[in-house]
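The values are calculated or read from the model by the stated rules, or taken from the named source; none is laboratory data. Note that this is a predicted model, so its numbers are computed, not measured. All Cβ positions, even for glycine, are placed from backbone atoms using ideal geometry, and neighbour counts span all protein chains on display. Keep in mind that these areas ignore ligands, DNA and RNA; they rest on the heavy atoms of the full protein, side chains included. Shrake-Rupley method; radii C 1.70, N 1.55, O 1.52, S 1.80 Å.
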Amino acid sequence: MFKRFFRASSTASAASTASASASASASASTAPTKGKKKNAQKHQPVVKGPTTTPTTTALSPKQSSSVDPSDVAEAKLKSYRVQVVLKFLKNMNNHDFSLFDNLSLRTRVVFEAFSCNVADYYDVVKMLFKSFPDFQFVVRGIEEEGDKVHVRIQVNGTHTGTPYKATPQTPAIAASGAFVQNDPEIFTCIFGGGTSTRISEIQVHPLGELSGPMGFYTQLLQHQQQLQQNNSINSNTDRRASTTSVSALHEQ
């Protein structure tokens, strides 16, 4: 009996000792020393919020070369052709009638009633400058279409120069200082095939009744007729005023 009690006491004591040891270990693990606490705070990682720096994704070789070089070359060609047409118009506005690299005597200018080469067309423009020193081509719009460049223009000028004749058969009209402006026209400049930068043909499409040299002549005729009508009205008014004055003198 004593032996059974001793064993039971030893077992209870061992269990009590193990329990106390476990409690001590738990207390030790949950209650760190001051030095350890400071050290833990010192090395505690800092959690940052989301950054605003944009991320970039590198393009694959296939993506980075998505622009077809032939498209770039075509765009440059179209841009160059537009500059050629604008140079052609600007040169004429500046009285420069030279055949630059993008024009030749083979370049045709086609109107509704006739056609000529660019040198003959220059002669027509020179004639206009003699009668209208400020004659100019005004660009209203421009558009590309394949090997064509369409330019919407208007021509105008003030008749302060030599008497004007639209054709050898029309009577000359003396300068009166009248300002004239034709209806808009479309200049279609056609370039040679492929990658050519030389104008092979210029087509002139009127968008109204007043077009070309005859458009200017028609307006000058109308202006002349208006002046004659105004002069006639003024003469009749002066005649009536003179007659009234004479009648008044007789009555006196």
I want to confirm something. Restricting to region 131-163 and keeping residues that are in contact (Cβ under 8 Å) with a residue 24 or more places away in the chain, closer than 30 Å to Ala75 by Cβ and of a type in the set (Asp, Glu), which single residue is least open to solvent (accessible area, probe 1.4 Å)? Asp147
Here is a check on your reading of the model: is Phe191 aromatic (Phe, Trp, Tyr), over 22 Å from Val138 (Cβ atoms) and open to solvent by less than 50 Å² (accessible area, probe 1.4 Å)? yes
Restricting attention to region 194-202, does a residue exist that is in contact with a Ser or Thr (Cβ under 8 Å, 6 or more places away or on another chain), of a type outside the set (Val, Ile, Thr), modelled with pLDDT of 95 or more and farther than 22 Å from Ala75 by Cα? no
